[in-house]
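Visitor: Shown below is the structure under consideration.
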Amino acid sequence: MSEFEIREGLAAGGIRTFRVSGDVDFGVAPELKKRIISRIDAGDRRIVVDLTSTGFVDSTAIGVLVGALKRLRDHGGSLAVVCDNEEVRNIFAVVGLENVIPLHRSEADALAVLAGTA
C-alpha cells in the first residue's frame, strides 16, 4: 500500500471531500481527525471521506469517523464514507457500524446523497 495521504477538495454544492490513501491507523488517524475537525469548525457541514485508495483502517480511524459524524450531526450536518474495498467494509461490519456510518461504493453516490441534504 502507498504512503498515507489526504487530498482535500470542494465538490459542487459546497460538499467538502477528503480522499484518503494508504493505511489509516493509530499513527496517522490524528492527522485525519485534525483536518476534518478544522473543516467542521470552519463551517463545513457536509463531508465525504473517500477510502477507495485505503487498504486498511483500524479502530482509531473508525473512531475518528464516528466522532466526525457526531460532531456534524450536532451541527445539522452529514458525513458519507466511500469504500468499495470489501476488506475495509468488513471492518465497519465487524464493529457494527455499517448501518451507523453511511457507506457508499462511489464518490458520485455519496455526493448525490449529501447534495440532497442541503
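Visitor: For labels at residue 42 and residue 12 in the simple 7 Å Cα→Cβ model, what's the distance in nm?
Guide: 2.3
Visitor: Apply the Debye scattering formula to the stretch 65-118, with a single equal point scatterer on each alpha-carbon and no solvent, then give log10 I(q)/I(0) at q = 0.19, 0.30 Å⁻¹.
Guide: -0.67, -1.21
Visitor: Sticking with this structure for a sec: For the chain, report the translational diffusion coefficient in µm²/s to the nearest whole number, using Stokes-Einstein at 10 °C, 1.306 mPa s, and a Kirkwood Rh over Cα pairs.
Guide: My calculation gives 114 µm²/s for D.
Visitor: How much length is gained if the chain between residue 113 and residue 60 is pulled fully straight, taking 0.36 nm per residue apart and subtracting their Cα-Cα distance, in nm to one decimal?
Guide: Details: separation 53, 0.36 × 53 = 19.08 nm, distance 2.60 nm.
Length gained between residue 113 and residue 60: 16.5 nm.
Throughout, read-outs are computed from the coordinates displayed, never taken from laboratory work. Quick caveat, the model's predicted, so the values are computed rather than measured. In this analysis, Cβ positions are derived from the backbone assuming ideal geometry, glycine residues included, and neighbour counts consider all displayed protein chains.
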